[in-house]
Structure formats: structure tokens, C-alpha cells
Amino acid sequence: MTDLRLASLEVSGMTCDDCARHVTLALETAGAVSVSVSWQDGKAQFTWPIEVAETALRAAVSGAGYRPGVLGFLELASKISQRGQNDFDLVALGAGSAAFAAAIKAAEAGYRVALVEKGVIGGTCVNVGCIPSKALLRAGELAWTAGHHPFSGLTISSGPIDLSALVSSKNKLVDALREAKYVDLVADYGFTVLPGHGRFTGPDSLEVDGKVFTASVFLIATGASPSVPPIPGLADSGFLTSTAALELTEIPRSLTVIGANAIGLELGQFFLHIGSAVTFIDVASRIAPLEEPEISAALADVLTAQGATIYTSANVLEVRLDGNKRVIRLNNGDNDYEVVSDQVLVATGRRANTSELGLDAAGVAIDSLGAIVVDDEMRTSNPRIFAAGDVTGGPQFVYVSAYEGALVVDNALLGMNRKRDFTGLPKVTFTAPQIASAGVTEAQARDKGYEVVISVLPLDAVPRALVNREVHGLLKLVAEANTGRLLGASLLADGAGDVIQAAVLAIKYGLTVNDLASTFHPYLTMAEGLKLAAQTFSRDVNRLSCCAA
């Protein structure tokens, strides 16, 4: 194995994040590994393979236009010089995105890594989450569009969906991606997989199916599972979780979805698109309750126009069987209702997988919902144990899990003391049209003490939407009143998940709505909607010609 050292290099001349990226690329090109650069501190930290010459590192930084200074060494957090005292440098419980991101980064830096997995490698995203669900959603959207697109005079024949064939195709895709993006990487990076259930036997030891392992650092990345509310009769009547819904091979004639946030909305609309009669029930006052209220209202209009029934501010009182049907009794205010369905899908959130991990023996604290408590550097209450991903109860996105897993290596093994930062974090709900948002909502901004101005642009003001003949949606921007700095953006539109990335960058780097309005946006793209929404703060876009600056 290549000998490694953890080094710190002072770098002068950096003034922004772009400078930090240039220095990072220069050092990586010269042979440094796991580079982290802070332009504010004027410092780069990295793992330095012994065969890489100091002159090469300095020349690379100079060649990028910056001035290298004092080069020093740091003590490795894992005391790699004493690695013989432990079986591994890093052991991760779980084998999903957080664990793999940590394993890859640690292996690249020369550490000995093991993953403990009792089930299938790959975690939620590739096996039962993002990949399989979006594969089905896309097929359902195409099927619906074929029969319902509003082009005058256009006839498209669409036969019934073969759900069994669709699920089989989805499973082949999942298998292929699991092999390519997870299983094959184990050999590529040379880390170890320990099959079985891991349980801490003490603050610095882990038992896996009867064998005890030690490590310099442990990472808990066991993810989360669907949470099922204690509704009377639900368990006896039978229900679907998001995992089970992805494996149905027959289309239910009717489906009731309990929970109308991202997962419930996505899967509920999928079954609506392929022929089920769908009812949404949510205890919140509106569907998509974490989004801007304008987004929620517009999506509700879309779903009801497609044939869905929606009950909000509704409590499910009981579920009972009546023959082969499920009868759902609910109350929303003064009224009781009964909904009869072939299937019930429960989509009321996810709960951290922390049971039977021996957390008490390890001295790891959990919160009232069972999620592991971590600080901004992903440390738990045990200084040798870190946690990342859904198990911490934070934003449940695969890219957040991977980010946090890599952050653990930076802090636990490389001594970088980097803090978690969710500024401009995007989220996407893959309904049709999609919901995408970044930053804060109007209400959140006001709660933080900002004085704000807002812009709400209906989709029929966006030329791309008019050309598509799909104008059910909107864009909403939230800006700081005195500076115009963009604080938040929300969209309900075709391709919203792609459009939101421009807003992510604007929020992260402190751009104003005037910056957005004066930036080139290609005509006849949905991205142009961001420019138009930004222009709306100061102009009436309905009185502008196409592409007017």
C-alpha cells in the first residue's frame, strides 16, 4: 500500500470558492489525494503520497496562479501509524450511498475499509428508492401523455399497461446499476464487505454474526425504512409500503394513499397514470405541505383534473376489511367519510434504522424519533463513532447521504474539521409536472427574520410551456428586500428538477434577482422561466417581446 501523510499547505492569493476549486484541481493533478481547500483560511489540506515530490505540489499551485507557502504535517485522526492495533481504519454499518461515499474516499487515501451489510448492497436508492421508482414513474407519465396530451387533432393510440413486464424491466435496470455502481466498486477500491448484522459490543468494538472487529473509526450509515402509523385495523387489513408498491404486478382498480408528501404523491400519481382510481389522504392542510402553498394548490389542481380525490386536514380513524376491499374511515373536521379501495399505500415518512445496533453499549445517543444525534461534523456522542445519511434524521436525499459520508472521512480520518452546509440544498418531487425547490420558502425566510419580496410567475408566461401546451404550473422566487439576494426558488413545471440547479448556484453564491434577470437564458427552454420570474420583480413580463432583455 502506498505510504501516506496528511499535509497542510498555506496558499496565498485565494479570494473566492472558484480559487479554492482551482487549487484543489492543481493539487489533485500533481498527485495529492482527498484535497480540501479553504480560501477563507488560506490553506489546503490533503493526503500526500510519499512518492509525490514537494516540488511538484508547489509547482502545480504556482501554475494555477497562486502562491504556495509553509507545508506542514498533521497528525492523522485515526493514528494510521498504529493501524496494527485495529482490524480496520474505518468500518461502516450499511452499504448504501453514505457508506460507499465514505469507503471510496477513505480507500483512495490509503485506509483499510470494511462495510457491514446484512441485506443487499446498494442501500435504498438503487434497490427500493430513486432508481426503481423513477423508472416506473417515467413509464406511467408516458402512458398518460399518450392518451391525454392536449394537442388538437393528434391521435395517439395507447394500449393497457403490462405492469408485470414493466416491473420486470425495472428490476433488470436495478440489478445492472447495483452491479456497476456498488458491487463492482468493492473490488475496484479494495475494501472489505462483512456480510451479516452488526452490533456494537462496546464503545470501540463491533460484533458481526459472532465475530468482533475493532476500528479506529466507525460510521453508522444504516439508512431508514418506511414508518407505519398506529392506525386501528391497518395491520390486520394489509397495506403497501413504498417498497411493496414497487413490486405490484397487477394494477389495482382503486388505491388509497395515506400521506401526500413526495413519496405518496409520486407513487399515487403513477398508479393514477396507469389506470387506478386514486385517493390521497393527508393530515396536513394541503398536499406537498413542505412546499410553497402556491405549489401545493397548483399540483392539487393537476391531480384532481387527472381524476384523483384529495382529502386534507384528515385523520384516518381506522381501516377494516370488507371482503377483498379495504374500507378507510377518516375525519376532516366535522365530517366523517369512508373510502373503499383495493389497496392502501402508507407513505407517512421514514424512520431511522437504529434498532438492534447496540447503541447503548456504544454510548451513541438518539433523539425522540430514534434518529442518531450528530453535530455539524457528523460526530455522535461517542468520539470514535460518526453517522451519516438517513439514519441521522436529516434531509433524506441520496446526494445528501453521499455528501455526509465523504464529510465523515474528511473529519474522522483526515482531520479537516469541515462542517455540514445545506445552503441552497435542492429537492425534487418527480410528479408530472415536477416540483423542485432550493433555499427557503417565503414563510421560512420570514421566520428567520428576513424582510422579503416575492415573485410568482404562472407557467403560461413561459414560452416553452406554451409550446408544450402544458401550462399548469408556476415559478416562485423569494428575495431579500433590501439587497435583492435570492433566498429561495420553487417550481412546478416540466423539467423543474433540471431548472432548479441554476437557482441552487445563485443561492449558494449570493446572487441577486437582478443577476438572474441579466444573465443569458436560452429561449424556448424551461430554464428561461427563472429569468422571467426574476424580471417580474421590476417589470411586467407580459409586456415584453420574446427574449426581451
| field | Residues whose placed amide H lies under 5 Å from that of LYS118, excluding near-sequence neighbours | value | GLY196
| remark: For segment 199-343, whose charge dipole is built from +1 on Lys and Arg Cβ atoms and -1 on Asp and Glu Cβ atoms, the candidate among PRO289, VAL228, VAL212 with its Cα farthest towards the positive end is VAL212
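Per DSSP H run of at least 4 residues, take -39500 (n - 2.57); add these up for the chain, divide by its residues and hand me the 222 nm value, nearest 500 deg cm²/dmol.
Numbers: 18 runs with 173 residues, N = 549.
That comes out to -9000 deg cm²/dmol.
Which loop GluC sites (Glu not before Pro) in segment 194-255, with loop taken from DSSP, have no more than 12 other Cβ atoms within 10 angstrom of their Cβ? Could the numbers behind the result be given before it?
Working: sites: GLU207, GLU247, GLU250; in loops: GLU247, GLU250.
Passing both the DSSP loop test and the Cβ count: GLU247, GLU250.
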| note | In the neighbourhood of SER38 defined by beta carbon distances under 13 Å, the net charge of the other residues (Lys, Arg +1; Asp, Glu -1) is -1
| field | R0 of 30 Å, Cβ-Cβ distance ASN324-LEU290: FRET efficiency to nearest 0.05 | value | 0.30
| Can you list the residues, at least 5 places off or on another chain, whose amide H is less than 5 Å from the amide H of ALA387, using H built in the peptide plane? | ILE220, THR380
| message | Residue by residue through segment 333-348, what is 3J(HN,Hα) from phi via Karplus (6.51 cos²θ - 1.76 cosθ + 1.60, θ = phi - 60°)? Round to whole Hz and write x for glycine and proline. | response | x, 8, 10, 9, 9, 10, 10, 10, 9, 6, 9, 10, 9, 9, 9, 10
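One quarter of the convex hull surface, Cα atoms only: what value does that give for segment 404-549 in nm²? List each step's numbers first, then the result.
On the way: hull surface 39.6 nm².
Result: a mean projected hull area of 9.9 nm².
May I ask what percent, to the nearest 5, of DSSP beta bridges between residues of segment 234-348 are antiparallel? Mind showing how you got there, number by number?
Values: 13 of 26 bridges.
Of the beta bridges lying entirely in segment 234-348, close to 50 percent run antiparallel.
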| task | Quote to one decimal, in nm, the extra length available between HIS197 and VAL228 on full extension: 0.36 nm per residue of separation minus the C-alpha distance between them. | result | 8.8 nm
| remark: Taking every DSSP bridge whose two residues both lie in the chain, the antiparallel percent to the nearest 5 is 70
| remark: Reduced to Cα centres, the span from segment 428-461 to segment 169-189 in Å works out to 36
| query | Label ASP334 and LEU505 with points 7 Å out from Cα along Cα→Cβ: what is the distance between them in nm? | reply | 5.5
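Calculated FRET efficiency, ASP515 and VAL471, Cβ-Cβ r, R0 25 Å, to nearest 0.05?
Working: r = 27 Å, r/R0 = 1.08.
So, using R0 = 25 Å, E works out to roughly 0.40.
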| task | Calculate the length of the line joining the C-alpha centroid of segment 272-306 to that of segment 353-373, in whole Å. | result | 35
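What is the Cα radius of gyration of the chain over 2.2 N^0.38 Å, N being its residue count?
Numbers: Rg = 25.8 Å, N = 549, 2.2 N^0.38 = 24.2 Å.
Its radius of gyration relative to the 2.2 N^0.38 Å reference: 1.07.
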| field | Förster radius 45 Å - calculated FRET efficiency between ILE50 and THR249 (Cβ-Cβ, nearest 0.05) | value | 0.20
| message | What distance in nm separates the two pseudo spin-label positions at SER164 and VAL373, each 7 Å out from Cα along the beta-carbon direction? | response | 5.2
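State to the nearest 20 debye the size of the charge dipole of the chain about its Cα centre, where the only charges are +1 on K and R beta carbons and -1 on D and E beta carbons. Spell out each step's value before the answer.
Working: 42 positive and 58 negative charges, 103 e Å.
So the magnitude is around 500 debye.
Which loop-located trypsin sites (Lys or Arg not before Pro) does segment 392-483 contain, where loop means any DSSP state but H, G, I, E or B and the Cβ has at most 11 other Cβ atoms within 10 Å?
Values: sites: ARG418, LYS419, ARG420, LYS427, ARG446, LYS448, ARG464, ARG469, LYS476; in loops: ARG418, LYS419, ARG420, LYS448, ARG469.
Qualifying residues, ordered by number: LYS419, LYS448, ARG469.
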| note | In this structure, among LYS181/LYS325; LYS325/LYS476; LYS181/LYS427; LYS43/LYS118; LYS105/LYS427; LYS170/LYS325, pairs with alpha-carbon gaps over 31 Å are LYS181/LYS325; LYS325/LYS476; LYS43/LYS118
| note | The rounded separation in angstrom of the Cα centers of segment 477-494 and segment 209-225 is 42
| message | Quick check on segment 4-74: take the gyration tensor over C-alpha atoms, sort the square-rooted eigenvalues as a ≥ b ≥ c, and tell me if it's rounded (a/c under 1.5), prolate or oblate. | response | prolate
| Cβ-based net charge around SER437, under 12 Å, with every Lys or Arg adding one and every Asp or Glu removing one | -2
| query | What longest region of the chain stays clear of chymotrypsin sites (Phe, Trp or Tyr not before Pro) that DSSP places outside H, G, I, E and B and that have at most 14 other Cβ atoms within 10 Å? | reply | 152-421
| On full extension of the chain, what length is gained from VAL212 through GLU108, given 0.36 nm per residue of separation minus the C-alpha to C-alpha distance? | 34.9 nm
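Once you sort the root eigenvalues of the Cα gyration tensor of segment 234-348 as a ≥ b ≥ c, which label holds: rounded (a/c under 1.5), prolate (a/b larger than b/c) or oblate (the other case)?
Working: a/c = 1.72, a/b = 1.21, b/c = 1.42.
Judged from the Cα gyration tensor, segment 234-348 comes out oblate (a/c at least 1.5, b/c at or above a/b).
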| remark: Here, ASP540 and ASP175, labelled 7 Å along Cα→Cβ, have an inter-label distance in nm of 6.1
| Net lengthening on full extension, ASP360/THR309 (0.36 nm per residue, minus Cα-Cα) | 13.8 nm
| query | What is the local net charge at VAL364, summed over the other residues whose Cβ is closer than 14 Å to its Cβ (Lys, Arg +1; Asp, Glu -1)? | reply | -2
| message | Using each residue's phi in segment 357-370, evaluate 6.51 cos²θ - 1.76 cosθ + 1.60 at θ = phi - 60° and report the 3J(HN,Hα) Karplus result to the nearest Hz, with x for Gly and Pro. | response | 9, x, 5, 4, 5, 7, x, 9, 7, 10, 8, 5, 9, x
| query | Per-residue HN-Hα couplings for segment 206-223, Karplus 6.51 cos²θ - 1.76 cosθ + 1.60 at θ = phi - 60°, whole Hz, x for Gly and Pro? | reply | 9, 9, 10, 6, x, 10, 9, 10, 10, 8, 5, 9, 10, 10, 8, 9, 8, x
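Averaging sequence separations of C-alpha pairs under 8 Å and six or more residues apart, then dividing by the length of the chain, give the relative contact order as a whole percent.
Numbers: 1154 pairs, mean separation 67.5, N = 549.
Contact order relative to length: 12 percent.
All of the numbers you see were taken from the coordinates with simple rules; none came from a lab. All values reported here derive from a predicted model rather than from experimental measurement. So basically every Cβ, Gly included, is an ideal-geometry build from the backbone, and we count neighbours across all protein chains shown.
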